[in-house]
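One structure is given here, and the rest of the page talks about it.
Computed from the coordinates by the stated procedures, all read-outs in this text should not be read as laboratory data. Here the structure is a predicted model, which means the values were calculated and not measured. Backbone-built Cβ (ideal geometry, glycine too); neighbour counts: all protein chains shown.
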Amino acid sequence: MGTVFHLDIVSAEESIYSGPVEFLVAPAQMGEVGIYPFHAPMLTKIKSGMVRVKAQLKEEEVIYVSGGMLEVQPDVVTILADTAVRSHDLDEAKAIEAKRAAEDAMKNRQSELDYAKAQAELIEAMAQLAAIEKLRKRGKH
Amino acid sequence: MAGSREIRNKIKSVKNTQKITRAMEMVAASKMRKAQERMKKARPYGEKIRNVAAHMSKANTEYRHSFLITRDTVKRIGIIVVTSDKGLCGGLNTNVLRKTINQMKAWQAEGEQIEVCCIGNKGLGFMSRIGASVVSQVTGLGDTPDIGKLIGAVKVILDGYSQDRFDRVYLFYNCFVNTMKQEPVMEQLLPLTDERMKSSKEGNDKSKLPWDYIYEPEAKSVIDDVMVRYVEAIIYQAVAENMASEQSARMVAMKAASDNAGNVIDELTLIYNKSRQAAITKELSEIVGGAAAV
């Protein structure tokens, strides 16, 4: 602590950044926020955009995030980045899609079951025919 | 020499099968490494969001998210079953589905209604065959778990919980122990258990004074978002583990299949040689017998 604080940027798929930084700027939902050491604990949503990170004795780095959460703790700052583009409507559409797919599968189930039944009956019939054929041959002998 | 050609054909076909299983074994081995890596990479995110959720649940008292409230009566249960899309991976899917079915039977005996969300083709096929009511599904995930694909199916279950359609939500998947061992597990997803809400660095926090976040724009919407993402992260981790399990189970199964094919080839070769020798002996004795007669 002091002139730097620890920053972690993680997404569900990988850890994007981890290390001490001097300050960072993130696109929070209410507008851009700049975080310096000793920032008050804060939890906010961030929009998709650029996160600017300045590490000590290094050039400023720009990292793209597609939304997520920014968490400021007394001694550590974390950005939980989303890997997918999220919005309420988009999520809703996906949910409806998943539901519909399940309903379709349930509907098709009847035909699928019948198909399996038909196949089983066919196999049985063929076995019977083969047995009759065999018996006939034996009879002729 | 009547049987020898058939035996030779049989050996050829077994050899072809062995080639295929060996190729699949190698493909699974390389995919397994990647899948394990992905599983490990997902951990930091899960860990971080868990800490946030744990802290929030302790700090903020004015708003309690519905995921944290335990309901007294349990009437309807939602379950999420994670399976693989493809077969040929030993008893992996069978094990997790057997565990699910046993649990479902027990719940049904207690008069609880069950609705299922299927992740993966095998589970979906099984669930629709036995006539469970499937409310949402996602299949064709491929080799990389994609949270974008999972969102929809999971949201149906989470919304069901928020709207009191379910009183509990359970998650079934294969836990990756090591390459040789995968264990089917059942976990309670909702309401979030105390164990889940424990911060991983509890010990360090004790000395400090309790503090709360500044929520922006407002506590409720931020907490809602964190909770949903936390649950999604748990499911994502489960899917990643299941995929790593799938690849290692497939590798082991294909290795066993290749070995078995080798055994079959050995046996068939022995039979083939024996029959060939018998034919030669027979021919020789016929020639000798014929010469003696002359």
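Tabulated data
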{"read-out": "Unmet requirement for A:Glu13, which otherwise passes all of (1) touching a Lys or Arg at 6+ places or on another chain (Cβ under 9 Å); (2) not in a loop (DSSP other than H, G, I, E, B)", "value": "(2)"}
{"read-out": "Every residue from region B:116-158 that is surrounded by fewer than 24 Cβ atoms within 10 Å (Cβ to Cβ) and of a type in the set (S, T, N, Q)", "value": "B:Asn121, B:Ser128, B:Ser133, B:Thr139, B:Thr144"}
{"read-out": "Qualifying residue in region B:139-146 (condition: closer than 16 Å to A:Lys99 by Cα and within 19 Å of the chain's Cα centre (by Cα))", "value": "yes"}
{"read-out": "Subset of region A:17-48 [surrounded by fewer than 17 Cβ atoms within 10 Å (Cβ to Cβ), more than 9 Å from chain B (Cβ to nearest Cβ) and either part of a strand (DSSP E or B) or in contact (Cβ under 8 Å) with a residue 60 or more places away in the chain (or both)]", "value": "A:Gly19, A:Pro20, A:Gly31, A:Glu32, A:Gly34, A:Lys47, A:Ser48"}
{"read-out": "Residues being over 26 Å from B:Asp164 (Cβ atoms) and in a loop (DSSP other than H, G, I, E, B) - total across region B:79-136", "value": "8"}
{"read-out": "Top-ranked residue in region B:82-140 [being without any contact (Cβ under 8 Å) to a residue 40 or more places away in the chain, charged (D, E, K, R) and within 14 Å of chain A (Cβ to nearest Cβ); ranked as nearest to B:Glu25 (Cα to Cα)]", "value": "B:Lys122"}
{"read-out": "Test result for A:Arg86, on the phi < 0 side of the Ramachandran plot and either among the aromatic types (Phe, Trp, Tyr) or more than 10 Å from chain B (Cβ to nearest Cβ) (or both)", "value": "no"}
